[in-house]
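Comments concern the structure below.
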Protein chains: 2
Amino acid sequence: MIDAERKFREYLSEKGLRFTSERLAILLHVMSLHEHFAVDDLHHQLRQKGLSISHATVFRTLALLIDCGIVQKLPCEKMPARYEHIFGHLHHDHMFCLRCGRIIEFHNAPIERWQQKVAEEHRFQMTGHHLIIRGYCEKCH
Amino acid sequence: MIDAERKFREYLSEKGLRFTSERLAILLHVMSLHEHFAVDDLHHQLRQKGLSISHATVFRTLALLIDCGIVQKLPCEKMPARYEHIFGHLHHDHMFCLRCGRIIEFHNAPIERWQQKVAEEHRFQMTGHHLIIRGYCEKCH
DNA sequence: ATAGTATTGATATTCGTTTTCAATTGCAAC
DNA sequence: GTTGCAATTGAAAACGAATATCAATACTAT
């Protein structure tokens, strides 16, 4: 059993929810992906594996995975939201190249700390943040 | 004529678009607001002024104002997007309350500087960024 | 096994936003 | 000023991602 499955089982158990075959299948597939994905991608890939899991269940399960901290949702403008598994990964933000669409991930501890500080100054309980640096990558200057 | 109007006129002219009474009315009202607003707020306020401008036109005009840099859109999760005029204002970022929708503005120089630094480290030419801190405001803890 | 409740899939619904299209209007050329 | 043409408008319909509904099903504890 992978760590993520253990964590998901514990989360569900604590909430009095059930560990179903659909939820396991979605979890395992999500953990196997190494790129950002949309709900339709995930749903389609599960079908290709021969699993007939409904659209609604994919949405519902992703919501659970987000709530228990295994998955992160990336709100995308003018397109369906993208998701990525974050369990076992370090937090990162994104740079987005306006010309070639390339996504560069980065992590910067001072930025994280200053965000915390700013939130505290405003007595704001931070649950997350979303930082995208827009511009042009090395190749597209 | 206010500066924003001059800028909007120039933008429309360059694009071969027309400066209509509806667009002027929306521009002036948007510039008069000192808070973030949703499309419905704007539409309703215009109606209260006796102007009968359609929902569609409000959306269409806001898209133009964004494109020409007078207005900024703030994508809000699970609720209608908010807008604000940015022409003539200093840059700032936002905290967004997931419960009441309140928006808190902040400016933090270190975060801005570290973003520049991170971009330079990746030889990324930054043209802008978008930072939203999500969570719960003082009242909604 | 049984009861009780969570979960599922199919479908319908929601609601912010966009598109359609005929009527209107700005704007530039005369 | 008049004219012609394309941009713009309002009303309504369409769109689409996400959510809710609900009867059937399946998990879990006893």
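Only residues that are at pLDDT 90 or above, open to solvent by 80 Å² or more (accessible area, probe 1.4 Å) and over 12 Å from the mean Cα position of the chain (by Cα) were counted in region A:55-79, giving 2. Checking each residue in region B:1-18 for being open to solvent by less than 80 Å² (accessible area, probe 1.4 Å) and not in a loop (DSSP other than H, G, I, E, B) picks out B:A4, B:E5, B:K7, B:F8, B:Y11, B:L12.
Against the conditions (1) closer than 26 Å to B:C100 by Cβ; (2) open to solvent by 60 Å² or more (accessible area, probe 1.4 Å); (3) in contact with a helix residue (DSSP H, G or I) (Cβ under 6 Å, 6 or more places away or on another chain), A:L51 satisfies every one except (1). Within the set A:I133, A:I111, the sole residue that is open to solvent by less than 80 Å² (accessible area, probe 1.4 Å), modelled with pLDDT under 95 and at the interface with chain B (Cβ under 8 Å from one of its Cβ atoms) turns out to be A:I133.
So which residues in region A:20-48 are within 8 Å of DNA strand C (Cβ to nearest atom) and either exposed (fewer than 11 other Cβ atoms within 10 Å of the Cβ) or over 20 Å from the mean Cα position of the chain (by Cα) (or both)? If the condition is that a residue be within 8 Å of DNA strand C (Cβ to nearest atom) and either exposed (fewer than 11 other Cβ atoms within 10 Å of the Cβ) or over 20 Å from the mean Cα position of the chain (by Cα) (or both), then A:T20, A:S21 are the ones that fit.
If you filter region B:72-90 down to residues that are within 13 Å of chain A (Cβ to nearest Cβ) and not in a strand (DSSP E or B), you find that the one that is farthest from DNA strand C (Cβ to nearest atom) is B:E77. Scanning region B:114-130 for residues being more than 7 Å from chain A (Cβ to nearest Cβ) and either in contact (Cβ under 8 Å) with a residue 12 or more places away in the chain or open to solvent by 90 Å² or more (accessible area, probe 1.4 Å) (or both) gives a total of 3.
The values are calculated or read from the model by the stated rules, or taken from the named source; none is laboratory data. As the structure is a computational prediction, the values presented were derived from the model and not from experiment. Backbone-built Cβ (ideal geometry, glycine too); neighbour counts: all protein chains shown. Ligands, DNA and RNA are stripped out before the accessible areas are found, and what is left, the full protein with its side chains, is counted by its heavy atoms. Shrake-Rupley method; radii C 1.70, N 1.55, O 1.52, S 1.80 Å.
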